[in-house]
Amino acid sequence: MSFKNTIALIFFCLSATYSFCQTYTVSGTVRDKDSGEKLTGANIYFQEDLKKGAASDINGKYSISSEQGTYTLVCTFIGYDTVVQQINLNKNLKADIRLKPLNNLMGGVEIKVTREDQNVRSPEVSSIEISMKRMEKIPVLFGEKDILKTIQLLPGIQAGGEGSNTFHVRGGGSDQNLILIDGATVYNPSHAAGFFSIFNSDIVNSAEVIKGGMAPEYGGRMSSVLNITTLDGDKEQFKGIVGIGLLSSRIQAEGPIQRDKSSFSFAARRTYADVVMKPFLKPNSPAKGLGTYFYDLNGKLSFQLSKKDNIFVTGYHGKDFFRYNANVYDSPFMDLNWMNTVGIIRWNHIFSKKLFLDVSANITDYQINVQGQEQLYKLQYSSGVRDYVGKADLTFTPDSLNKFKVGASYTYHIFTPTALSIKTGSTSLNANEQQKFYANDVSSYIQHDIQITPWLEVLYGLRYNHFSFVGPFKRYIIDNVYNLNNVDSIMYGRGDVIKSYNLWEPRINTRFQLSETQSVKASYTLNNQCLNLAALMDISTPTDIWLPSTDLLHPQRSHQFTVGYFQNFLDNTIETSVEVYYKKMLYLLEVNPDINPLSMFQTNLDYDFISGNGQSYGIELFANKTAGKFTGWVAYTLSWTTRNFDEIMDGKTFYARYDRRHDVSIMLNYELNKKWDFSVVWVFASGNAATIPNSYYIINGNLYIEYGEHNGWRMPDYHRLDLSANWNVFQRKMFSGILNFSIYNVYNRHNAFLVSYTISKNEENNKIEVHAYQVSLFPILPSVAFTLKFR
């Protein structure tokens, strides 16, 4: 039996279990009563039958079907009052729910009727919702609240480096994470070389990270999904936030355009290190001409056209600047900037209580530009990627036991990997005439979430991706990348298909319910990735280059298997899990370490990669206390990540540079009273793998270096303690003020960012003197920030 026929048979057999008996459906949207914002992950169920329930999706929508009768509908969500109402289900009903935030989470509020067990009952594995209220309390670098640094505290997710937003999930590269903002892809989610993220926490409504068991609706990356949605804006009242910190200030405002019909949400942020530094610099200081800062802008408009139609328009623009100009004749000059721009328009339509449509179009643009001058030489460099995207998703929920989802999307990619020009006097050199790569990316999927029995639920489906590398394109014909003389070429016209790939991705998640508070879950996912990142460092830098799969570069592929045990305690206020995973990765890409960097500008960039395989496996432990005065989590990961490349160590297995044996994260929060709450974070990580020199030779007066085993040496272990305190300075009807104190790296640990070497030659005795020294970035760093909220 062929692969396609096997998949079709599985779909038929599982779908045949669907019951066609007459049922009725209650559906609606769950919102915050004060702000009107949609709430993701709220639990809605019938008190008479806890097995019949649902969690609100990323649009706040839910749907529950059952036989005719009278039921008690219950809605619960952490941090909100519980809503209980009687319904007579003798027809399809619409029941929108407004949840009131709890004014005091420590005030002895006891919710006796709860179903906060979505982590146990849902079929999704390795998926975690991030609480925005909890994120606000976590101490971070420079006091800047950051969703990317928060997820680094979860099991299976490793930070790319000291203070960096770069992250690696279960042995994957940083380019293997699908990062979405309101459904649009973000290629570089970082400001300031990775020390700040582009996601202003004041504009984030919800965030979900998926480390494994990705549903078929997600594709294009191999390791993880970070799905972020922004605030729609309050449709009933005006309110906002003003924040002032040591390095940046921010403002956020939202409110109705037409009450109960439309709203706006806007946020802006800017750092001012460049402004703060100048008064303290001497007139002749070399840093006088240095200027570096970033800004970002977020905006969103929401319109309810009718009870069945909504339109959302989202925009984001952020830009980083790094400039050096000493304003002295013949002095060096550099102007480096990079920017992200995202525009999204989305339409929601409700056909019925059971059928929901979401259609969107978006554009993503990431650009890097460098200009430099030193004496007689001028340099210009640019790189970037732009996407035009259209997609549609249809959700059908016939009853409480079945949920179908189908969708399709089209993306037109334009990549500008490198464009370099150098000019001196009247002579100019275009080392690479901005050669672009174009690609068509068409995908579709179908998925079905079915509860077969009270103890067995299956989420399964299939994703199809047709990826084609197209013209216009000039392909250089090269026999030897080390010899670029006498190179021929082939010119492809606009739209010519140079290479195409048809990629099938079956996915399945299963949940076996052992008891009301215990379950075992298992998943298998096959993921393909047709976009590749050429990163020269393990932090986010403007030199990172994106390019597509081509006739020379095969799409990367992974097979991931996950098994997990989940159990809740104390009325679901303590969540625990143990997950074991194995990931096999094929067609991994690395920049050829033997390539002359100048060749990257002399021919097609995809010649400069090598391909290999890898694997990652490990165990993740997680304990999370979600309610009460004392909350927090403890996460531990034990993992191994290896690689095999024929061109490296003659194909022998070696550890990936971000392989870490142990990762520990402890995040604790204590609410003392209405005025004060305190948080502590402690992290520990085994040292990254690195390649270091082990021998030095002088031959005919020239120095030669011989390196040791690839990634055969370990950096020192990393650990750090952070503290923070929030003081509610005042609370008025219209205003409230919060003062945040935080200390990064409390015991001033000198963690290694890198190890560098100085080499000198003693001419008298013809001996080499080598000195190694550790470079550390951040000592103990206290910070303070003030936030004013008004309404």
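Counting helices only, and only those DSSP H runs with n ≥ 4, report the 222 nm mean residue ellipticity of the chain as the sum of -39,500 (n - 2.57) divided by its residues, in deg cm²/dmol to the nearest 500.
-1000 deg cm²/dmol
Restricting attention to region 674-783, which GluC sites (Glu not before Pro) occupy a DSSP loop and are surrounded by at most 15 other Cβ atoms within 10 Å? The partial results should precede the final answer.
Details: sites: E706, E709, E763, E764, E769; in loops: E709, E763, E764.
In loop regions of region 674-783 (DSSP not H, G, I, E or B), the sparsely surrounded GluC sites (Glu not before Pro) are E709, E763, E764.
How many nm separate the modelled label positions at E48 and F238, each set 7 Å beyond the Cα in the direction of the Cβ?
Spacing of the two 7 Å Cα→Cβ label points: 4.8 nm.
Please list, in order, the residues from region 698-724 whose amide nitrogen is less than 15 Å from a point placed 7 Å along the Cα→Cβ vector of K652.
From region 698-724, the list is 707-713.
Give the relative contact order (percent, whole number) for region 127-790; include only Cα pairs under 8 Å separated by 6+ residues.
11
Between F735 and Y410, what is the label-point separation in nm under the 7 Å Cα-to-beta-carbon projection?
5.4
From the mean inverse distance of alpha carbon pairs (Kirkwood) and the Cα radius of gyration, derive Rg over Rh for the chain.
0.97
Between R661 and S249, 0.36 nm times their residue separation minus their Cα-Cα distance comes to what?
Here the segment from R661 to S249 would lengthen by 144.5 nm.
Per residue Cα convex hull volume for region 603-739, in cubic angstrom?
Cα convex hull per residue, to the nearest whole number: 242 Å³.
In what sequence, highest mean first, do 229-235, 293-299, 351-357 appear when ranked by Cβ atoms within 10 angstrom?
The densest-packed peptide leads the list: 229-235, 293-299, 351-357.
From the phi angles alone, apply the Karplus equation (6.51, -1.76, 1.60; θ = phi - 60°) to region 312-319 and give each ³J(HN,Hα) in whole Hz, x where the residue is Gly or Pro.
10, 10, 10, x, 9, 8, x, 9
What is the set of long-range amide H partners of I257 at a cut-off below 5 Å, with H atoms built 1.01 Å from backbone N?
S262, S263, F264
Whole angstrom only: what separates the Cα centroid of region 438-511 from the Cα centroid of region 709-728?
Each part's Cα centre sits 37 Å from the other's.
Using a Förster distance of 30 angstrom, determine the FRET efficiency expected from the C-beta separation of I759 and D717, and round it to 0.05. Please report the intermediate quantities before stating the final value.
Numbers: r = 27 Å, r/R0 = 0.89.
For I759 and D717, the calculated efficiency is 0.65.
Between W455 and L355, 0.36 nm times their residue separation minus their Cα-Cα distance comes to what?
Full-extension gain reported as 33.4 nm.
For the pair N369 and Y388, how long in nm is the line joining their label points, each one 7 Å along Cα→Cβ?
Calculated label separation equals 2.2 nm.
Suppose we keep just the DSSP beta bridges with both residues in the chain; what percent of those would be antiparallel, to 5?
On the way: 346 of 356 bridges.
Counting only bridges with both partners in the chain, antiparallel ones make up about 95 percent.
N700 to F790: extension gain in nm, 0.36 nm per residue of separation minus the Cα-Cα distance?
Between N700 and F790, full extension yields an extra 25.0 nm.
Taking only Cα atoms, what is the 0 to 90° angle, nearest 10, from helix 3-15's long axis to the longest principal axis of the chain?
With rounding to tens, the tilt is 30 degrees.
Quick check: at a probe of 1.4 Å, how many percent of the accessible area of the chain sits on carbon and sulfur atoms? Before the final figure, lay out the partial values.
Values: 20130 of 34850 Å².
Here it works out to 58 percent.
The values are calculated or read from the model by the stated rules, or taken from the named source; none is laboratory data. Predicted, not measured: the structure shown is a model, and the values here were computed from it. Neighbour counts are summed over all protein chains in view; Cβ atoms, including those assigned to glycine, are modelled from backbone coordinates with ideal geometry. These accessible areas exclude ligands, DNA and RNA; they are computed on the full protein's heavy atoms, side chains included. Shrake-Rupley method; radii C 1.70, N 1.55, O 1.52, S 1.80 Å.
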